[in-house]
Amino acid sequence: MTRWNPATECAVVSRVIEKIRAVLRWALLGAVVGALSGIASAAFLLLLDRATHLRESHQVIVFALPVAGLVLGAILSRFGAPIAGGTNLVLDTLDDAEHAPQLPSRMPPMVLLGTVLTHLFGGSAGREGTAVQMGAGLADELAHRLKIKGDLRRELLAAGIAGGFGSVFGTPIAGALFGLEVVRVGRIEYRALLPALVSATVGDLVTRRLGVEHTHYPLLPHLSLTPLLIGKWIVFGLAIGLVAVVFVEATHALKKLLTTRISSMPLRLALGGVLVVAMWQLVGSSDYLGLGVPTIVRAFSDDRLPMASFAFKLAFTVVTLGAGFLGGEVTPLFFVGAALGNLLGRVMGLPLGMAAGVGLASLFGAASNAPIALVVMAVELLGGEVLPHVMLVMVVAYLASGHRSIYPAQRIRRGKVGGPDPDRTVALRDL
């Protein structure tokens with residue numbers, strides 16, 4: 001018979017109390033980060049909506065994009081050097097949370113202002129980069145004020161990424177997973193699961209409560225998998241992976257070329273503005289300016305969508321981001337993926353809605369090396385019937401995209417299937 005030992009019982013109780021305290025602490029910190037991220041995302045989305053409406057009502061404003069590039073470039077040259085790394089700076093800081101300096105306090109307001117100006121004048125960019133940088137910047141400001149360092153700071157930064165991503169798209173579960181998955185290729189940082197989930201959920205609730213309405217996508221009907229359909233999805237996934245490679249390589253190559261040839265940031269942005277305006281006039285459509293959400297929704301049902309839509313949007317976005325304008329890649333890649341899915345659906349005899357939805361999620365998942373988060377995002381946006389189809393395509397596209405990413409600061413320790421294993425954890429840009 002085991003004797004009762006008061007000391008052992010007290011130690012067990014103490015450990016339980018300490019675990020409860022840790023859970024409550026992370027829940028509270030995650031909620032605070034989520035609230036800050038949600039407020040920032042709401043302000044950003046409302047401003048972005050007004051900027052988009054103003055541009056669409058007065059399209060002549062797009063001709064001023066080169067001038068806006070000069071002004072934005074001058075502002076970034078004067079005040080933006082500390083935040084030049086953008087999302088890659090966030091990932092670098094998170095990876096070395098013990099020693100990396102605090103993310104600049106100016107990051108949230110500057111990326112918000114810069115992205116709104118980019119969209120106001122017609123630049124083709126997204127939202128997630130701004131939301132992630134704002135969420136991480138606010139989280140790191142909180143960590144600095146509370147003197148949180150090391151692993152705790154790393155987890156708080158992941159919560160900031162999750163809060164920004166989840167609140168800007170209205171997909172809290174995907175936001176939480178994205179904050180855990182985007183740091184290292186092929187590895188999910190489960191240590192930050194609780195604060196990331198709380199942050200993304202609270203951020204989404206706050207953003208909605210402040211009057212933001214997210215884009216509504218159609219719920220997709222059931223589609224049974226068959227051997228023929230599986231074969232089609234494999235080809236579909238290879239096409240998505242190829243386009244992801246083109247987007248990533250073209251964006252990085254243009255950015256490197258312009259930085260090497262034109263040392264002045266204002267001139268680089270002005271040149272990018274000239275190119276976007278020229279393409280806008282050449283194509284003869286405003287569909288490829290800004291976010292392009294109406295065309296994304298249209299891709300789910302319109303069998304007359306121009307076949308080259310995906311290529312045009314890809315080119316507009318590569319020039320905008322390659323020149324140095326601020327913004328993210330997610331929504332433009334949603335556009336490219338949905339339009340490409342629409343085209344492949346027509347060619348391969350797939351239901352348009354399912355093809356567009358699978359393309360929307362899988363292209364960004366392949367380009368960002370965050371396949372699980374984007375599979376969950378597809379389910380949150382389009383319903384559970386998309387799950388087996390998007391999972392199959394996502395795996396193929398993720399492997400086909402190789403060791404490259406829109407975020408070259410992502411770390412990798414083990415290569416994807418069939419790829420080499422680095423001898424140590426390295427950033428993708430160093431491979």
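The values are calculated or read from the model by the stated rules, or taken from the named source; none is laboratory data. Because the structure is predicted, anything quoted here is derived from the model rather than measured. Methodologically, a virtual Cβ is constructed for each residue, glycine included, from the backbone with ideal geometry; neighbour enumeration extends over all protein chains shown.
Below, the figures for the structure above:
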item	result
Residue, nearest to the chain's Cα centre (by Cα), within segment 1-50, restricted to residues that are among the aromatic types (Phe, Trp, Tyr) and modelled with pLDDT under 95	TRP26
Helices (runs of 4 or more DSSP H) contained entirely in segment 309-416, each with at least 3 residues that are more than 24 Å from SER286 (Cβ to Cβ) and not polar (S, T, N, Q)	330-348, 352-368, 371-382, 387-400
Pair list, Cβ under 9 Å, 6 or more apart: segment 210-238 residue under 30 Å from PHE44 (Cβ atoms), other residue of a type in the set (Phe, Trp, Tyr) and part of a loop (DSSP other than H, G, I, E, B)	TYR217/PHE300; PRO218/PHE300; LEU220/PHE300
Residues (under 17 Å from ARG50 (Cβ atoms) and assigned to a helix (DSSP H, G or I)) located in segment 110-130	LEU112, LEU113, GLY114, THR115, VAL116, LEU117, THR118, HIS119, LEU120, THR130
Verdict on PRO172 being under 21 Å from the mean Cα position of the chain (by Cα), of a type outside the set (A, V, I, L, M) and farther than 25 Å from HIS403 by Cβ	yes
Answer from GLY418, GLY383, GLY402 - the residue that is at positive phi and modelled with pLDDT under 90	GLY418
Whichever residue in segment 97-144 is among the acidic types (Asp, Glu) and touching a residue at least 40 places away in the same chain (Cβ under 8 Å) and, among such residues, is surrounded by the fewest Cβ atoms within 10 Å (Cβ to Cβ)	GLU98
From the options LEU177, LEU157, LEU94, residue that is modelled with pLDDT under 95, closer than 21 Å to ILE188 by Cβ and in a helix (DSSP H, G or I)	LEU94
